[in-house]
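Working notes for the structure below.
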Amino acid sequence: MRDLLDRIATTARPHAAQGKVASYIPALAEADPDAFALALVTADGEEFSTGQAAQPFSIQSISKLFALALGMEWLGEDLWERVGREPSGMRFNSLIQLETERGRPRNPFINAGAIVTTDALLHARSDYAEALLAELRLLSGNPDIQRDADVHRSEIETGDLNRAMAYVLKAHGNLRCDPMAATEAYFGACAIAMSALDLARAAMFLVTPQTGDAACHAGNNAQRLRAIMRTCGLYDQSGEFAFSVGLPGKSGVGGGVLVVQPNSFAACAWSPPLDRFGNSVAGQVALEELAKHLC
């Protein structure tokens, strides 16, 4: 398996030259465009990796997957009264779509949908921000996971479009908390730093039933979470990813792409250069190659 991952890395890494590192959040622009990692955790607990699989990076929108898992656990069906489950067909931070559709986001994985989810979680528990960190530490087995302070600061300094979405949501009656509080918690989630191996471990609740403290994160929600990952996890490129890779996935503009195969494995690729949709170029190639061999 390690040899396979090494071969996939050799194939995928040159494709990073076709992308560009995210720059609209200044701290992300400092990422090494040559960085690459691929990590895989199997259903029976074996772990394999290649590249910089232990190096933390900003998980960005991958955090939305774990926030949604908490939302489904804490809030149940009430969450879906405020956010949809359909692909957006537009850029992940579209203000036009949000206004046109009168403040009800298409799905929880676009920015507006994640802000609504964050608001609902904050309304349920004021300690949501720390609870999300605790969840990720529990699921990954890494007690040292933290927010990247530089990325967090950069998110706050450049997050006016997200604040605008929060105020549109408030204007349409779909935000309960103060818009500034909701976006601050949202920025904090996006700024969490994890490695590819951390993320693959953390996603195992979507692969096999869990035991012990992690069991509460599986239940009846794993299948639904995978469904939303498949249809909405890579923004308006989700259909193409489903066609070429065929696995439920969630990406982030930090360059990570996380996928799961039920009863088989979880895998995470990381390469910072992105395509025009905001998804890692080399990461997608790596996961397509992985799926060809393992699925």
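Rounded to the nearest 20, the Cβ-based charge dipole of the chain about its Cα centre (Lys and Arg +1, Asp and Glu -1) stands at 660 debye. Per-peptide packing, taken as the mean over residues of other Cβ atoms within 10 Å, places 145-158, 243-256 in the sequence 243-256, 145-158 from highest down. At 0.692 mPa s and 37 °C, plugging the Kirkwood radius over alpha-carbon pairs of the range 100-165 into Stokes-Einstein gives what diffusion coefficient in µm²/s? Taking Rh from Cα pairs, D becomes 239 µm²/s.
Note that the range 46-108, at 10 °C in a medium of 1.306 mPa s, gets a Stokes-Einstein diffusion coefficient of 111 µm²/s from its Kirkwood radius over C-alpha pairs.
Computed from the C-alpha gyration tensor, the three semi-axes of the ellipsoid equivalent to the range 48-187 are 25, 17, 15 Å, from longest to shortest. If you run the Gaussian network model on the chain, springs between alpha carbon atoms under 10 Å, then out of 53, 17, 196 the most flexible one is 17. Estimated from the Cβ-Cβ distance and a Förster radius of 41 angstrom, the FRET efficiency linking residue 158 and residue 292 is about 0.60. For the range 1-95, the gyration tensor built on C-alpha atoms gives an oblate shape. Its axis ratio a/c (a ≥ b ≥ c) is at least 1.5, and a/b is not larger than b/c.
Tell me which of 118, 103, 71 sits at the most positive position along the dipole axis of the range 40-161, charges placed on C-beta atoms (Lys, Arg +1; Asp, Glu -1). The listed residue farthest towards the positive side: 103. Look at the alpha carbon pairs under 8 Å that are at least 6 residues apart: their mean separation over the length of the chain gives a relative contact order of 29 percent.
Over the range 126-195, the Kirkwood radius and the radius of gyration, each from Cα atoms, give a ratio Rg/Rh of 1.04.
One way to sum up the overall shape of the chain is the equivalent ellipsoid from its Cα gyration tensor, whose semi-axes run 28, 21, 18 Å, largest first. In summary, the lysines within cross-link reach of residue 64, defined as a Cα separation below 19 angstrom excluding same-chain residues under 8 places away, comprise 250. Highest GNM mean-square fluctuation among 127, 198, 236, for the chain modelled with Cα contacts below 10 Å: 127. Comparing 183, 231, 100 in a Gaussian network model of the chain (Cα springs below 10 Å), the most mobile by mean-square fluctuation is 100. For residue 69, what charge total do you get from the other residues with a beta carbon under 13 Å from its beta carbon, if Lys and Arg give +1 and Asp and Glu give -1? Value of the local net charge: +2. The charge dipole of the range 41-144, taken about its Cα centre with unit charges on the Cβ of Lys, Arg, Asp and Glu (plus for the first two, minus for the last two), comes to roughly 480 debye.
Along the Cα-to-C-beta direction of residue 126, a point sits 7 Å from the Cα; which residues of the range 54-69 have their amide N less than 11 Å from that point? Zone members listed by number: none at all.
All of the numbers you see were taken from the coordinates with simple rules; none came from a lab. Just so it is clear, the structure is predicted and the values come from calculations on it, not from any experiment. No Cβ is skipped: glycine too gets one built from the backbone with ideal geometry, and neighbour counts run over all protein chains shown.
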